[in-house]
Amino acid sequence: MLELLRTVVVAGAIAIFVRTALFEPFNIPSGSMIPTLQVGDYVWVAKYSYGYSHFSLPLSPNLFSGRIFGSEPHRGDVAVFRFTKDTSIDYIKRVVGLPGDRIQMREGQLYLNGELVPRTSEGEYVAVDEHHTRMEGERYREDLPGSDGRPVVSHDILKLTDEGDKNDTPEYVVPPGYFFVMGDNRDDSADSRFMGDAPQDLGFVPMENLVGQAKWIFLSVDSQYPTWEFWKWPTEIRWGRLFSGVH
């Protein structure tokens, strides 16, 4: 019994260490990052990418403030962080702006520090979100300028429309200690473009809220059938997405 207890304790300690300091799995519950991430994707998030805050710990005990071994994210990273209105909720978005950056949407296109961020059409795209709503839009390849000497980050986005408040915004200036994020599904994402006091408005995100950087998809499930129909589970796995990197 003592040997069994010791094995359980050691295994538990290793699991806690890995989840706290190295990697933690997260699932994607919404369509805000389509086409990069699909509803039902499961990703490994590197906890060491940006250092550690109390949000890195299991149950997030408020033992200290700030970040240990902290570093800023890079522009273009797909990051997991805690929601600004409720830090018990994890969000995943793409980092678009860093401290000092000026961000604006004009007629559906992204401007960074006064310059248009280039994008190239890749044709029509159809997706289904977490509410099983069919979305028909256009897929673009966007070239986001890298930060800290890094190259351009090329990634896909989905545009459904170029109209509405989210497509014509004021110019936002990212304050020190914060970053600005957007979903790759530009017209179906509650992100930093929403600066109000409504419960769903995100605004600028404090660096302290960072959890880690999404690195790889290790499982992807398109849940089309009831859970009890277990014989159909293999047909729901998106085999082509397994073990692919998050870019």
Check: By average Cβ neighbour count within 10 Å, what is the ranking of 181-193, 123-135, 222-234, 152-164 from highest down?
Finding: 181-193, 152-164, 123-135, 222-234
Item checked: Cα centroid separation, the range 88-110 to the range 212-244 (Å) -> 28 Å
Margin query: Rounded, prolate or oblate, given the Cα gyration tensor of the range 38-150, with a/c below 1.5 counting as rounded?
Written below: oblate
Checklist line | Set of lysines with alpha-carbon distance to LYS159 below 18 Å, sequence-local pairs under 8 removed | finding: LYS93
Notebook entry, point to check: In whole Å, what is the distance between the alpha-carbon centres of the range 39-62 and the range 115-179?
Noted result: 24 Å
Check: If the cut-off is a Cα-Cα distance under 17 Å, which aspartates and glutamates reach LYS47, setting aside same-chain residues fewer than 8 apart in sequence?
Finding: GLU24, GLU72, ASP77, ASP90, GLU208
Margin query: Can you give me the long-range amide H partners of ASP101? Hydrogens built in the peptide plane at 1.01 Å from N, cutoff under 5 Å, separation of 5 or more residues or another chain.
Written below: VAL174
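Throughout, read-outs are computed from the coordinates displayed, never taken from laboratory work. Here the structure is a predicted model, which is why all the values come from computation and not from measurement. Virtual Cβ from ideal backbone geometry, glycine too; neighbours counted across all protein chains shown.
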